[in-house]
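Step one of this worksheet: look at the structure below.
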Amino acid sequence: MDISEGIDPARAWLAAFVTALVAVVGAAIVFPRRVYDGFLWRYFFGPVDADAHGATCAVRSGGATERLYSQTACTSADGIVVTPGYTTLSTISYAVVLIFMLVGVYLLLNRLDVDMSPRFYFALFPFMLLGGALRVVEDVNATFVREGLPMLIPYPEVSLIISPFIYFVMFAITLAALVAGILLDDRGVIDEYEPFLGGVGALSLATTVGFLLYVSATSEAVGFYPAVAAITLTGATIIAAVFWWASNEYAPYINEGTGYMGILVVWGHSVDGVANVLSLDWATALGLPVTYGSKHVINAATVRITSAIQPAGLSDAIGTAWPFLLIKVAAAVAVVWVFNEEIFEESPTYAYILFIAILAVGLGPGTRDMLRATLGI
């Protein structure tokens, strides 16, 4: 008998999770300078700390953390200096953790006997927008810090809505709504859990956006530039509509496996692409009081390469972030093409989880970039 036949995959995953957690925490306690300061703080907690306080950088020296608010001070600082945003190592680490967590989600959904369907997919859509909106709440918080105003959410509690911790928070919120919906469905309180799940997400999203608009209306530290949201949503919708028409007209095999779910993926990644182009290249033209920069590795590399090979006059006219939009749209279309009917038939749970994750990694950051620029922070 194969030993693997007697192993419960869910328990094996949980054991691996606990083992890894204990190993990392234990190593950080035994080797605080090397493991905690030199690795965990440098690549994960430090950037979050700097981000939460709206600092240019955070410095770790002698077991203490200092936040600095000028590039000159950061350059001359002694110790481990980190800036808000992602590095290549942290990006790879988050990708590994994401894959591991997706396996856990796969096992959990099988345990809950969740029916994988387009209805379930669309019910999760508001939660993907919610993640980006919650991230903007932290951006407002950091703006208040820079303006010398009281924090809306104190540190370290605010870390819960900063990457990567916000992913775990959003997972917990979504899981709680899903389990509640399944229980209510099983007890006959509601007919189907998908509308309940989508309703919880939509209500949470409306509450968060409403809070942001309230802060915008009552605080001089936060502005309101609706043209950003209007252009982003309109542009993404046009791109998605063109994709839907062109694929149905000339290449129906591209979206035969995903149907309307495919158009949502293209739309979500177009939101991310358009929002980035507007923030990086057209902030001044839109009257935004903030100069934005690229925090993500791929985005930054795209801008850097375009700046190097594109004529300066053309860069001044159209900017250097536009290739990122093309990359996002092309990648989204490629993903929709790959997810054919066979993939969904052979392993529906795994296919839906991956497809949901693909939309989330585009729509979440895109929503944040759009709302942040809309508020001018």
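The values are calculated or read from the model by the stated rules, or taken from the named source; none is laboratory data. Note that the coordinates shown come from a computational prediction; the quantities given were computed from them, not determined experimentally. Cβ sites come from the backbone with ideal geometry, for glycine too, and all protein chains shown count toward neighbours. With ligands, DNA and RNA removed, areas are computed over all heavy atoms of the protein, side chains included. Shrake-Rupley method; radii C 1.70, N 1.55, O 1.52, S 1.80 Å.
The residues of the range 52-87 that are closer than 13 Å to residue 142 by Cβ, open to solvent by 20 Å² or more (accessible area, probe 1.4 Å) and part of a strand (DSSP E or B) amount to a single one, 67. The residue that is surrounded by the most Cβ atoms within 10 Å (Cβ to Cβ), counting only those in the range 307-327 that are under 23 Å from the mean Cα position of the chain (by Cα) and over 12 Å from residue 282 (Cα atoms), is 324. Tell me whether the range 262-269 contains one or more residues that are surrounded by 14 or more Cβ atoms within 10 Å (Cβ to Cβ), of a type in the set (Gly, Ala, Ser), under 17 Å from the mean Cα position of the chain (by Cα) and assigned to a helix (DSSP H, G or I). Yes, the range 262-269 has at least one match.
If only residues of the range 31-44 that are open to solvent by 60 Å² or more (accessible area, probe 1.4 Å) and without any contact (Cβ under 8 Å) to a residue 24 or more places away in the chain are counted, the one that is nearest to the chain's Cα centre (by Cα) is 39.
Within the range 343-354, is there a residue that is open to solvent by 30 Å² or more (accessible area, probe 1.4 Å), touching a residue at least 40 places away in the same chain (Cβ under 8 Å), farther than 30 Å from residue 220 by Cβ and of a type in the set (A, V, I, L, M)? Within the range 343-354 (the criterion being open to solvent by 30 Å² or more (accessible area, probe 1.4 Å), touching a residue at least 40 places away in the same chain (Cβ under 8 Å), farther than 30 Å from residue 220 by Cβ and of a type in the set (A, V, I, L, M)), the answer is yes, since at least one residue qualifies. For the range 112-126, what are the residues that are open to solvent by 50 Å² or more (accessible area, probe 1.4 Å) and either modelled with pLDDT of 85 or more or over 18 Å from residue 176 (Cβ atoms) (or both)? Across the range 112-126, the qualifying residues are 115, 118, 119, 122.
Among the residues of the range 177-199, is any at positive phi and small (Gly, Ala, Ser)? Checked against the condition, which is being at positive phi and small (Gly, Ala, Ser), the range 177-199 yields at least one hit.
Between a first residue in the range 288-305 that is without any contact (Cβ under 8 Å) to a residue 40 or more places away in the chain and a second residue that is in a helix (DSSP H, G or I) and β-branched (Val, Ile, Thr), which pairs have beta carbons less than 6 Å apart while being 6 or more apart in sequence or on different chains? Cβ pairs passing all conditions: 294/303. Taken residue by residue, the range 94-112 has at least one member that is within 28 Å of residue 46 (Cβ to Cβ), in a helix (DSSP H, G or I) and not hydrophobic (A, V, I, L, M, F, W, C). Here residue 48 passes the criteria (1) touching a Ser or Thr at 6+ places or on another chain (Cβ under 8 Å); (2) of a type outside the set (Gly, Ala, Ser); (3) more than 22 Å from residue 141 (Cα to Cα) except the one numbered (3).
Answer with yes or no whether residue 248 is closer than 19 Å to residue 367 by Cα, of a type outside the set (A, V, I, L, M, F, W, C), modelled with pLDDT under 95 and part of a helix (DSSP H, G or I). No. Among the candidates 241, 251, 275, the residue that is in contact with a helix residue (DSSP H, G or I) (Cβ under 9 Å, 6 or more places away or on another chain), open to solvent by 20 Å² or more (accessible area, probe 1.4 Å), among the aliphatic types (A, V, I, L, M) and over 18 Å from residue 343 (Cα atoms) is uniquely 241. Taken together, the residues in the range 180-220 that are open to solvent by 50 Å² or more (accessible area, probe 1.4 Å) and either part of a helix (DSSP H, G or I) or farther than 27 Å from residue 147 by Cβ (or both) amount to 18.
Only one of the listed residues (258, 232) is surrounded by 19 or more Cβ atoms within 10 Å (Cβ to Cβ), in a helix (DSSP H, G or I) and not hydrophobic (A, V, I, L, M, F, W, C). That residue is 232. Can you tell me how many residues within the range 129-164 are farther than 16 Å from residue 49 by Cβ and surrounded by fewer than 15 Cβ atoms within 10 Å (Cβ to Cβ)? Adding up the residues that qualify gives 4.
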